[in-house]
Amino acid sequence: MALDTYERSAPPIFRQGLSTTTKLILLSLLSMMLMAADHRLQISQPLRAGVAIALSPLQWLSLQPARLWDVAGNYLGGVESARDAALSYEARTIAQAQRLQQVEQLSQENANLRQLLELRSSVAGPTKAVEVLYDTADPYTRRVVVDRGGLAGIQAGSAVIDAQGVVGQVTRVYPLVSEVTLLTDRQQSIPVINARTGTRHVANGNPMATGGALELKFVPSGTDMQKGDLLTTSGIDGIYPPGLHVGRISQIDRRVDASFATVHAEPTAVERGRHLLVLLPVKDWPAKPVADKMPTPPSKSKAASKPPQSASTAGGTP
């Protein structure tokens, strides 16, 4: 079959209806007429309302993903904001707690300083206020380092006290700092007197006790001593002024087969206080009295060597 027998367009006998261009023109005119009629008469309003009602579920469904995305974003943003606010509140709470602790510490230090100032006015002799820097590194001793030394006039052997009583004694002096040995150190001893009975004793440090304590050795078993008695400095050593509080008796061990009782006492001073007072040695202490020399009796040899008087000399007439 020849290829020219196939025609690309329908034969004129099969053509029906208007052409495409005519349809376009007619539809354009119809559209313009409908638009003008709708603008004038509002004839398409009920149709639009019905279509809108029919399509509203579809519109709602189509909008849900975007709304869910917005809700999820807002929720996550709110959680993040709440977390940041909680962290900020916690940080402010910690800062306020720190400030409160500092205020309480400053209040305690202020009260301690006021007590030290009152104590300074009541203690005779020169004094120096010092601050504890740190404890010494030796675990077998009870010593602290204060912030003043030889350049500030601190002298070795000076007594150290706080508002509650005796803390210890200056044992080493450096140019800028000094070392204070506490009463609870095993090598420290202090003469004390029982404020109730007036008996004198020597208190030694006992660091083995919890928190440190004092121990009175070689106390006769029959000594009048009770739990709670106040021990004060006797002043006979020339280092500690008399009347300063040292400790209170906490335990008395009396044994039937021993002649001496072991007495334990708790220090009245707060060993971990920050501010202390150093009592410098008083230079105008009265000198110790010199023991009077006993007159020596005449020796027998001198008495024997003295020539005896004759009778004539004794009688006065030759």
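Numbers for the structure displayed
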| item | result |
| --- | --- |
| Region 194-206, residues that are at pLDDT 85 or above and open to solvent by less than 70 Å² (accessible area, probe 1.4 Å) | N194, A195, T197, G198, T199, H201, A203, N204, G205 |
| Test for S28: is it modelled with pLDDT under 80 and polar (S, T, N, Q) | no |
| Qualifying residues in region 108-135 (those that are over 18 Å from the mean Cα position of the chain (by Cα) and modelled with pLDDT of 85 or more) - the one most open to solvent (accessible area, probe 1.4 Å) | K128 |
| Which listed residue, of T184, T197, is within 27 Å of the chain's Cα centre (by Cα) and in a loop (DSSP other than H, G, I, E, B) | T184 |
| Filter pass, D38 being out of contact with any Lys or Arg (no Cβ under 9 Å at 6 or more places or on another chain) and within 30 Å of G238 (Cα to Cα) | no |
| Neighbours by Cβ (under 6 Å, 6+ apart or cross-chain): first from region 161-172, of a type in the set (S, T, Y); second open to solvent by less than 30 Å² (accessible area, probe 1.4 Å) and assigned to a strand (DSSP E or B) | T171/E179; T171/T181 |
| Output for region 31-49, where each listed residue is at pLDDT 80 or above and either touching a Pro at 6+ places or on another chain (Cβ under 7 Å) or open to solvent by less than 90 Å² (accessible area, probe 1.4 Å) (or both) | S31, A36 |
| Region 207-239, residues that are open to solvent by 20 Å² or more (accessible area, probe 1.4 Å), among the hydrophobic types (A, V, I, L, M, F, W, C) and either within 20 Å of P139 (Cα to Cα) or not in a loop (DSSP other than H, G, I, E, B) (or both) | M208, A209, F218, L230 |
| Region 250-280, residues that are of a type in the set (A, V, I, L, M), more than 14 Å from Q169 (Cα to Cα) and at pLDDT 85 or above | I252, A261, V263, A265 |
| Region 145-192 - residue that is crowded, with 18+ Cβ neighbours inside 10 Å and out of contact with any strand residue (DSSP E or B) (no Cβ under 7 Å at 6 or more places or on another chain) and, of those, modelled with the highest pLDDT | V173 |
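The values are calculated or read from the model by the stated rules, or taken from the named source; none is laboratory data. These numbers were taken from a predicted model, which means no experiment stands behind them. Here Cβ is always computed from backbone atoms with ideal geometry, including for glycine, and neighbour counts include all displayed protein chains. SASA here: full protein model, heavy atoms, side chains in, ligands and nucleic acids out. Shrake-Rupley method; radii C 1.70, N 1.55, O 1.52, S 1.80 Å.
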